[in-house]
Amino acid sequence: MLTIENTNGNVYTLIGEDGDYSFLHCQRSGQYVVAWRLHEVGEGLYAWEQGHYYKEFLSACDCFVKKCEGADERGGATLKNSKSEMWAKYLRYLCEWVKFHEEAMFYGMSPSCFDDWLCNERQEQGVCPKCGETSLDYDGGAVVEADYVYNWTCQNCGAVGKEHYSMTFEEHTLGDEGKGVIK
Ligand SMILES: [Zn+2]
């Protein structure tokens, strides 16, 4: 993970970035910062225009998600399904996951990693689940168990995957030569 040094001498871990907002964790104080317009002010030294400070990860996460959502809304509909939106959604998923898995009975469990979560979130025919572009290049297809499966390669991000179609029984039809013949 990327670390940066602030002009006040503190070292921060950069947890996430989205447009003008950065999500930071101060290694010394343990504080979380949702920083607006993080920028380099000197050699390896960073500062931000405005910061929201939190002791709790969840509160900071919530703030970051809201800021990113606000930024998306101001950006208009073109940002729908954008990196901002998906990242904010994933962070919200993580927050929810933490809330519902605090008890010892969930010991050892982990939330979905970003790629798995994203793939599950983006289930649209012809759309790459990784980058959201309609740039899939199909390479034939084959019957696999009860599915018809196409292999694809994304021309935009290079991801490879499979598109599954289920085959269900509809009806019988007779061939012309068999019609009306009773044996
Ligand atoms: Zn892609």
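Values for this structure:
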read-out	value
Pick from segment 1-39, criterion part of a strand (DSSP E or B) and touching a helix residue (DSSP H, G or I) at 6+ places or on another chain (Cβ under 6 Å), ranking: farthest from Q50 (Cα to Cα)	D18
Any chance G19 is of a type outside the set (K, R), on the phi > 0 side of the Ramachandran plot and surrounded by 13 or more Cβ atoms within 10 Å (Cβ to Cβ)	yes
Of all residues making up segment 96-132, the number that are within 16 Å of S59 (Cα to Cα) and either buried (at least 17 other Cβ atoms within 10 Å of the Cβ) or touching a Lys or Arg at 6+ places or on another chain (Cβ under 8 Å) (or both)	0
Residue list for segment 135-157, filter: within 11 Å of the ligand (Cβ to nearest atom) and either modelled with pLDDT under 90 or touching a strand residue (DSSP E or B) at 6+ places or on another chain (Cβ under 7 Å) (or both)	S135, L136, D137, W152, T153, C154, Q155
Residue, surrounded by the most Cβ atoms within 10 Å (Cβ to Cβ), within segment 158-179, restricted to residues that are within 16 Å of the ligand (Cβ to nearest atom) and of a type outside the set (D, E, K, R)	A159
Residue match in segment 51-58 (condition: assigned to a helix (DSSP H, G or I) and within 18 Å of R92 (Cα to Cα))	yes
Members of segment 88-121 found to be in contact (Cβ under 8 Å) with a residue 24 or more places away in the chain and not hydrophobic (A, V, I, L, M, F, W, C), listed by number	K89, Y90, R92, Y93, K99, E121
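The rows are residues; the columns are (1) at pLDDT 90 or above; (2) out of contact with any Leu (no Cβ under 7 Å at 6 or more places or on another chain); (3) more than 30 Å from P129 (Cα to Cα).
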| residue | (1), (2), (3) |
| --- | --- |
| L2 | no, no, no |
| E17 | no, yes, no |
| V33 | yes, no, yes |
| W36 | yes, yes, no |
| E56 | no, yes, yes |
| D62 | no, yes, no |
| K66 | no, yes, no |
| E69 | no, yes, no |
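The values are calculated or read from the model by the stated rules, or taken from the named source; none is laboratory data. Note that the coordinates shown come from a computational prediction; the quantities given were computed from them, not determined experimentally. So basically every Cβ, Gly included, is an ideal-geometry build from the backbone, and we count neighbours across all protein chains shown.
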